[in-house]
Amino acid sequence: MSHSRTKIGVAAVSAASVAAVALAGVAAQADPKEPTLGGEAPIDLKIGSAVWGQNELLDYDPDDPNEFQSILGSEFNSLTPENDMKWSELHPEPDVYDFSGADAIMEFAEANGQEVRGHTLLWHSQNPDWVNEAGGAWTCQEARDVLEDHVATVVGRYAGEIYEWDVANELIQDDWDEGGVKLRTEANPFLKACSEDPVALIGDVFRWAHEADPEAVLFLNDYNAEGINAKTDAYYDLAQELLADGAPLHGFGAQGHLSLMYGFDDSMQANFERFADLGLKVAVTEADVRMPLDENGDPTEEQIALQAERYDGMLQACLNVPACTSFTVWGFDDARSWVPGVFDEGYATIMTEEFEKKPAYFTLLESLTDATPGRSPRTPPGLNK
Ligand code: 9MR
C-alpha cells in the first residue's frame, strides 16, 4: 500500500510550468521571503546538500557569508560532509586526526539551524595510505582495533550533533564487477582482513557507532541502490542478517547518482517500502542527475526537462514512504559538482555555476510545497537493538 502524501502528477506539470521562469534566469537568493526547499519540506523530511567544508566553509563569517554560503545556509536544513569526514581527510596518519573541515561544517550547521548527516566510517575508497598499505597485512583483530578506535573517536566527537550516519558505504559491488554482486572483501581493507566473517565485522561497526552516539540513526548506503535489483536484493539479505544478529542498523540509503544515459527505475518506491517494512528508515543521500552535453557544453531543452522529472522521481519515492527521513543533493551547483571530474557528462545539479535555479529546482520546490506530513516525527533509534 502506498502512503502517499503528495498530489499525483505534480512532476509532469511542474517541469513544464516552471521551465520558462527558470530559463529566463532567476538567480538564487538568500531572501528570507523566498520559499526554500528546506522551508517547504514536510516537518518530518530533511532536505540536504553535500558540502566540502575544507574548501568552502573555513572562511565562513555568519555576518558576511559569500553567495554560496548564503544559499547553502538558507536553502537546506541538512548538510552532509562531501569529503571532510572520510578517513583520508580525518585520519591521515595512525595517530593524527584533522577535524578542521568537519568542524567547519558543524559550526556552519549550528549557525544556520541545520542538522548534519555523517559520511562515512567504513568504505573501500578514500582511505589514507597507511590504511591501504597496512590493510593487506592486518590480522582481523588488528583491523578491528583500528576501526573501533576510529569509530569511537569520530562518532564520539560529534555525539548528539549528527542525526544520521552513513556508517557503511558501498559495501557491495555491482553485478558487472569481477565476481558479481558480493561484499567488497578484496577492495575494502577492513573486510579483507576479516574476510572469514565480514558480516560480524559490519555488525560490530554499527555497534561501535551506536555506543558512541546512541541517538544517531545508522545507515547502510550505496549507489545503484535505487530500484529493486540484484544489488539491493543483496542489501535486503544483509540488512535482515544484521538485524537478526541484533546489530543497531537503522537505515538504508540510496545515493541517487543518476545519468540521463540510463532509464529511471520505477521500482524505487517499492524498494524503499521493502526496507521500511524491515523497520528501517530510508533516505536519498547523494542525488544528482548528470547528462552528456553538446559540443558547447550545453544540455538540450528536453534533457533539462527530463532532469527535473528524474530528480522529482527520486523525491516522490521518498515522499511516498513515511520512513524516508532525508533527501540530500550531492552539491547544489554545477561549479562544485564532482561529476565533470569523473564523467564526460555534466549539468548534474539543481543550480547552474552562476546559481541560477534550474527547472529541477522548481520541480522539487513545488513537490515539497504540495507534500503534507504523513507520519509522526522520526522514531528514535534503538528499535532494532
Ligand atoms: O563528491 C566526492 C568527491 O569530491 C571525491 O573526490 C570522491 C572520492 O571518491 O567522492 C565523492 O563522493 C562520493 C561519495 O562519498 C560516495 N558516493 C559516491 C560519491 C561520488 O563519487
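Read the figures in this text as sums done on the coordinates, not as results from a lab. Fair warning: this is a prediction, and the values are worked out from it, not measured in the lab. In this analysis, Cβ positions are derived from the backbone assuming ideal geometry, glycine residues included, and neighbour counts consider all displayed protein chains.
Worth pointing out:
- Bridge type composition, the chain - antiparallel percent by DSSP, nearest 5: 10
- Protection proxy ranking, highest mean first, for peptides 274-287, 308-321: 308-321, 274-287, where packing is the per-residue count of other beta-carbon atoms within 10 Å, averaged.
- Sparsely packed GluC sites (Glu not before Pro) within segment 188-274, loop by DSSP, other Cβ within 10 Å at most 13: Glu196, Glu215
- The charge dipole of segment 228-334, taken about its Cα centre with unit charges on the Cβ atoms of Lys, Arg (+1), Asp and Glu (-1) only, comes to about 520 debye.
- Net lengthening on full extension, Glu93/Asp237 (0.36 nm per residue, minus Cα-Cα): 48.3 nm
- Other residues with beta-carbon under 12 Å from the beta-carbon of Ala230 carry, at +1 per Lys or Arg and -1 per Asp or Glu, a net charge of -3.
- The simple spin-label model puts a point 7 Å past each Cα toward its Cβ; for Ala270 and Asn66 those points are separated by 4.6 nm.
- Part-to-part distance (alpha-carbon centres) for segment 36-99 and segment 251-295, which is given in Å: 22
- Sorted peptide list for 109-117, 140-148, 184-192, criterion being average Cβ within 10 angstrom, highest first: 184-192, 109-117, 140-148
- Rounded tilt (10° steps) of 268-277 against the dominant C-alpha axis of the chain: 40
- Set of segment 159-173 residues, backbone N closer than 17 Å to the point 7 Å along the Cα-Cβ line of Tyr262: 170-173
- Summing charges over all other residues whose Cβ lies under 9 Å from the Cβ of Thr352, with Lys and Arg as +1 and Asp and Glu as -1, gives -3.
- Sparse packing (at most 14 other Cβ atoms within 10 Å of the Cβ) combined with a DSSP loop state is found for the following chymotrypsin sites (Phe, Trp or Tyr not before Pro) in segment 116-189: Trp176.
- With only Cα atoms counted, segment 95-197 has Rg and Dmax values of 15.6, 47 Å.
- For segment 78-180, with +1 on Lys and Arg beta carbons and -1 on Asp and Glu, the positive-most of Ala159, Val116, Ala104 along the dipole: Ala159
- Helix 140-157 and the longest principal axis of the Cα set of the chain meet at an angle near 50°.
- Residue-span extension gain [Ala137 to Asp245] - 0.36 nm each, minus C-alpha spacing: 36.0 nm
- Acute angle (nearest 10 degrees) that the helix 230-244 long axis makes with the longest principal axis of the chain, alpha-carbon atoms: 50
- Within-14-Å neighbourhood charge of Leu364 [Cβ basis; K, R +1; D, E -1]: -3
- Projected label distance in nm at Glu161 and Asn55, using a 7 Å step from Cα toward the beta-carbon: 2.3
- Expected 222 nm ellipticity per residue - DSSP helices of 4 or more, -39500 (n - 2.57), all of the chain, to 500: -11500 deg cm²/dmol
- Links that overshoot a 22 Å alpha carbon limit, given the list Lys46/Lys281; Lys86/Lys358; Lys33/Lys357: Lys86/Lys358
- A dipole drawn for segment 287-381 from +1 and -1 charges on Cβ atoms has a positive end, and of Gly341, Cys318, Leu364 the residue lying farthest that way is Cys318.
- Tail fraction, Cα-Cα pairs, the chain, threshold 26 Å, whole percent: 50
- Förster-model FRET efficiency, 41 Å R0, Glu148 and Asp294, C-beta, rounded to 0.05: 0.20
- Taking only the alpha carbons of segment 38-83, we obtain Rg and Dmax values of 11.3, 32 Å in that order.
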